[in-house]
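The values are calculated or read from the model by the stated rules, or taken from the named source; none is laboratory data. What you are looking at is a predicted structure, and each value in this text was computed from that prediction instead of being measured. Here the Cβ positions follow ideal geometry from the backbone for every residue, glycine too, while neighbour counts run over all protein chains shown.
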Amino acid sequence: MKESIKVLQELQAPHGFLDAVLRRVGLMDGYSRVASAIGPVYAAAGARGISAVMEAPSDAAFERMYHERFGRRVERRDELAPVLARAVEDGRSAQVDLSACNAFARDVLEATRRIPPGSVRPYGWIAREIGRPRAVRAVGTALARNPVPLVVPCHRVVRGDGKTGEYALGAGDKVVLLEHEGVDVTEVRRRLSSHRIWSVEGEASYCYPFCFAARPLPDQRIVEFASVREAVERGLRPCTTCHPPLAA
């Protein structure tokens, strides 16, 4: 019996056998290097959806980084490139794997996914959207650990004073991405510093001023209100995109 166990212990699986088994049971994720607005990035996907977007100096470095973060192996599959490239370009309809995140972080990232291109939101807005208005710092931490930047557009979340703040792929890249979407970063800072409720002349809703950050609006078309109550008294309703409060 002991001899049999010793023989079994000395047996080695054929080369590639483990990878084949992992692939068969859906535990071998695939990746490709794809273009983005900030240059080439590595993107990976598994059975649950897009699982990672990272910058790395080489395939080997990405594979190592991926395994260290997710505890799973990943192999290059260039046939995935078109799907991964579309997700990186516009991830609104992509299936995303956030299983590596805790429940709070998943709530933060799902709220972030709802920010449309060309718009920004402050960290405090995300905190209010997920029902945790005091957790602004924790929101920032969750976004810094976003496993799928570009797909979940954490570059669209800025500081409450309008400064762009940090970004998982680099603060400079955050500005590049916002400008690529048509956002005037200087104007965002001005609008956020106003701390007022805005509407656009002729429209039926009121917004936070950061809601339409990419829209070039002449000052004479902007109507500012000192409070939500003032906007409601004018017969306006809350914007269905940025969700300002119904009452002050």
Any hit, segment 39-53, residues being farther than 20 Å from LEU109 by Cα and either among the charged types (D, E, K, R) or modelled with pLDDT under 95 (or both): no
For ILE115: the one exception among (1) assigned to a helix (DSSP H, G or I); (2) without any contact (Cβ under 8 Å) to a residue 60 or more places away in the chain; (3) of a type outside the set (Ser, Thr, Tyr): (1)
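If the requirement is being over 22 Å from LEU109 (Cα atoms) and out of contact with any Pro (no Cβ under 6 Å at 6 or more places or on another chain), which of these qualifies: THR240, THR186? Full working, then the answer.
Working: THR240 fails: over 22 Å from LEU109 (Cα atoms).
Only one candidate passes the filter, namely THR186.
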Matching option when the condition is closer than 13 Å to ASP97 by Cβ and among the polar types (S, T, N, Q), among SER51, SER36, SER32, SER58: SER51
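Being crowded, with 20+ Cβ neighbours inside 10 Å and of a type outside the set (Lys, Arg) is the filter here, so list the residues in segment 112-122 that pass it. Break it down stepwise before answering.
We begin by selecting, within segment 112-122, every residue crowded, with 20+ Cβ neighbours inside 10 Å; these are 112, 115, 119-122.
Result: THR112, ILE115, SER119, VAL120, PRO122.
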Hits in segment 67-112 (condition: among the aliphatic types (A, V, I, L, M) and assigned to a loop (DSSP other than H, G, I, E, B)): ALA94, LEU98, ALA100
Residues of segment 47-66 satisfying the condition of being out of contact with any helix residue (DSSP H, G or I) (no Cβ under 6 Å at 6 or more places or on another chain) and part of a loop (DSSP other than H, G, I, E, B): ALA47, ARG48, GLU55, PRO57, SER58
Checklist (1) at pLDDT below 85; (2) surrounded by 13 or more Cβ atoms within 10 Å (Cβ to Cβ); (3) part of a loop (DSSP other than H, G, I, E, B) applied to ARG191, failing item: (3)
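Conditions tested, residue by residue: (1) out of contact with any Leu (no Cβ under 8 Å at 6 or more places or on another chain); (2) more than 22 Å from ILE222 (Cβ to Cβ); (3) at pLDDT 95 or above.
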position	(1), (2), (3)
LEU98	no, yes, yes
PHE104	yes, yes, yes
PRO116	yes, no, no
GLY131	yes, yes, yes
VAL151	yes, yes, yes
ASP173	yes, yes, no
LEU178	yes, no, no
GLU181	yes, no, no
ASP184	yes, no, no
